[in-house]
Amino acid sequence: IQMTQSPSSLSASVGDRVTITCQASQDISKYLNWYQQKPGKAPNLLIYDASNLETGVPPRFSGSGSGTDFTFTISSLQPEDIATYYCQQYDNLPSFGGGTKVEIK
Amino acid sequence: EVQLVESGGGLVQPGRSLRLSCTASGFTFADYTMSWVRQAPGKGLEWVGFIRSKAYGGTTEYAASVKGRFTISRDDSKSIAYLQMNSLKTEDTAVYFCSRDWGRVVYWGQGTLVIVSS
């Protein structure tokens, strides 16, 4: 299953709403996760099953969608959110989107 | 506390082999699927494969890019997962992460760097 993530990068101001999309090449139901990765670190799970907030993750992060189209949102961008974000499907064998690098404007 | 520690990375020539280890602690290793994910320098995440727990047959799955060259195994008595990499190619150069589970992945190792170069 191919995961198409967009944009590949974005620049936003602190406090801005940031939205990332991920499209699956076939129906994956709700089996979509979102990860944050900072340089030199392992990925960190933020959202699982499309819309569930992982324990300990700030509520400014959210996810939605089902089937083939999914959205990840940061409601108010903070300096510590600078990272690359990846979607990952696991309806079939796992695969990741290409990533979105989020920078501060 | 769940901990995953990868080891075995390094510089290897194309066509040669390398075995990575993932030593786990803080949970009942035998109960969980263990996965490998890699990241080429400056690139995105790529799932490599996983091995199910014995309760689910201990079977393996692999990405097409490594199938037939890489083999994942486990030693539940030692709480170690292995990634045997044969016929290595320059494009296998990456940081290799092990993780617990294969879908909702919460626990990851710190990664070990493999460089395939002559």
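Since every read-out is calculated from the coordinates, none of them should be taken as a lab result. Remember, predicted model here, so these are calculated numbers, not experimental data. Every residue, glycine among them, receives a Cβ derived from its backbone with ideal geometry; neighbour counts consider all protein chains shown.
A few notes on this one:
- Modelled spin labels at B:Ser118 and A:Lys101, positioned 7 Å past Cα toward Cβ, are 3.1 nm from each other.
- Residue by residue, region B:37-54 carries 3J(HN,Hα) couplings of 10, 10, 9, 5, x, x, 10, x, 7, 10, 5, 9, x, 8, 10, 6, 5, 4 Hz when phi is fed to the Karplus relation 6.51 cos²θ - 1.76 cosθ + 1.60 (θ = phi - 60°); x denotes Gly or Pro.
- Where a label projected 7 Å from the Cα of B:Asp75 along Cα→Cβ would reach, residues of region B:18-49 with amide N under 15 Å: B:19-25, B:30
- Only the Cβ atoms of Lys and Arg (+1) and of Asp and Glu (-1) were treated as charged; on that basis the dipole of the protein assembly as shown about its Cα centre amounts to roughly 480 debye.
- The modelled label-to-label distance between A:Thr19 and A:Ser6, using points 7 Å beyond Cα along the C-beta direction, is 1.3 nm.
- Cross-link partners for B:Lys54 among the aspartates and glutamates, with Cα-Cα distance under 18 Å and sequence neighbours closer than 8 places in the same chain left out: B:Asp31, B:Asp75, B:Asp76, B:Asp101.
- Note, ³J(HN,Hα) from phi for region A:54-71, Karplus 6.51, -1.76, 1.60, rounded to Hz, x at Gly and Pro: 5, 4, x, 8, x, x, 6, 8, 8, x, 8, x, 6, x, 10, 10, 9, 10
- Sorted largest first, extent of the protein assembly as shown alpha carbons per principal axis (Å): 48, 41, 35
- Computed from backbone phi, the HN-Hα couplings of region A:40-52 come to x, 10, 6, x, 10, 6, 10, 10, 10, 6, 6, 9, 9 Hz, rounded to whole numbers (Karplus: 6.51 cos²θ - 1.76 cosθ + 1.60, θ = phi - 60°; Gly and Pro given as x).
- The Kirkwood hydrodynamic radius of chain A, based on inverse pair distances between different Cα atoms, is 13.4 Å.
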